[in-house]
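Encoded as structure tokens, the structure appears first; notes follow it.
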Amino acid sequence: MIDMDGVSWWVPALNMALTIAGIVLFSYRVFWAWLLPVASTAVLMATGIPNGRLNTSTIFVMAAALYGLWKWTQYRRVGVHVPLRAAHGREWGIGAGLLLLLYLLNAFAGVTPLAEIGPLYLFNALLAALPAVMYLGFAHGVIQSWWLGVSLSLSTMFLSTLQNAPVWFTVYGAVAAALQVFGYLTWQRAMRRRVRSKHRLEPAHPGRPATPGTGAPGRTA
């Protein structure tokens, strides 16, 4: 059994280290990146269940990470990188609805006394919903998913300052936010390269074969 007396410092420290490493690996679409959120969430579950402190959000994050691992496994089997893209119009609505659903479940599905539910509690419930939605976006290569991580990291900095938490929480938030912006830019560049490459391979005038040796559309009588 895990020693619960030492959980207060090493669990968040391990979670932060795995999160930072995961951000870097996700930036380059490394398949093994998914093992890091799975591992960090497993630690949170292992330390929370014996002490009766398992949060609903932890279960959602684990489910999203396992789904992402499965989804990227499909791409890995055929030897291709995860195709990157921007979110479609309908997906914005789905993402917002899912975020709202997870927020409500995080905030009100537990056994927290009503007297303890206040603005800070509700704000934390919203932040706890962000990682699961972000990982679902990663699973499908949606580049805007990175901004959920940036929002979470910047909010961590804000709350750390507000609650006079140890300075390393603030440093973690700053480093994570910077790396997540880097991840977004890296995915955006990769997506643009893919689009440009696709356009170069397409004929200038579909339906008209190129003139041999020139690449120009052939003339028809």
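The values are calculated or read from the model by the stated rules, or taken from the named source; none is laboratory data. Keep in mind that this is a model prediction, so the values were computed, not measured. Every residue, glycine among them, receives a Cβ derived from its backbone with ideal geometry; neighbour counts consider all protein chains shown.
Quick check: is even one residue across segment 136-145 crowded, with 20+ Cβ neighbours inside 10 Å and assigned to a loop (DSSP other than H, G, I, E, B)?
Yes, segment 136-145 contains at least one residue that is crowded, with 20+ Cβ neighbours inside 10 Å and assigned to a loop (DSSP other than H, G, I, E, B).
Starting from segment 156-181, take each residue that is over 15 Å from residue 24 (Cα atoms) and list its partners that are among the aromatic types (Phe, Trp, Tyr) and loosely packed, with under 15 Cβ neighbours inside 10 Å, counting only C-beta distances under 6 angstrom and pairs at least six apart or across chains.
none
Quick one: residue 96 ticks every box in (1) assigned to a helix (DSSP H, G or I); (2) exposed (fewer than 15 other Cβ atoms within 10 Å of the Cβ); (3) in contact (Cβ under 8 Å) with a residue 24 or more places away in the chain except a single one, so which number is it?
With respect to (1) assigned to a helix (DSSP H, G or I); (2) exposed (fewer than 15 other Cβ atoms within 10 Å of the Cβ); (3) in contact (Cβ under 8 Å) with a residue 24 or more places away in the chain, residue 96 is out only on (3).
Going through segment 187-205 one residue at a time, which ones are surrounded by fewer than 18 Cβ atoms within 10 Å (Cβ to Cβ) and either at pLDDT 85 or above or in contact with a Gly (Cβ under 6 Å, 6 or more places away or on another chain) (or both)?
188, 189, 191, 192, 193
Among the numbered criteria (1) of a type outside the set (A, V, I, L, M); (2) surrounded by 15 or more Cβ atoms within 10 Å (Cβ to Cβ); (3) modelled with pLDDT under 95, which single criterion is violated by residue 183?
With respect to (1) of a type outside the set (A, V, I, L, M); (2) surrounded by 15 or more Cβ atoms within 10 Å (Cβ to Cβ); (3) modelled with pLDDT under 95, residue 183 is out only on (3).
Taking the options 87, 17, 64, name whichever one is at pLDDT 95 or above and at negative phi. First the steps, then the outcome.
Values: 87 fails: at pLDDT 95 or above; 17 fails: at pLDDT 95 or above.
Of the residues listed, the single one that is at pLDDT 95 or above and at negative phi is 64.
Which of the residues spanning segment 61-85 are among the aliphatic types (A, V, I, L, M) and out of contact with any strand residue (DSSP E or B) (no Cβ under 9 Å at 6 or more places or on another chain)?
61, 62, 63, 64, 65, 66, 69, 78, 80, 82
Just a yes or no: is a residue in segment 111-128 closer than 24 Å to residue 24 by Cβ and part of a helix (DSSP H, G or I)? Explain how you work it out, then say what you get.
Of all residues in segment 111-128, those closer than 24 Å to residue 24 by Cβ come to 127-128.
Now restrict to residues that are part of a helix (DSSP H, G or I): 127-128.
Yes, the conditions are met somewhere in segment 111-128.
For residue 208, state whether it is modelled with pLDDT under 80 and not in a helix (DSSP H, G or I).
Taking the combined requirement at face value, the residue satisfies it.
Kindly provide the set of residues from segment 15-49 that are among the β-branched types (Val, Ile, Thr), farther than 21 Å from residue 74 by Cβ and assigned to a helix (DSSP H, G or I), ordered by number.
Correct list: 19, 20, 23, 24, 41, 43, 47.
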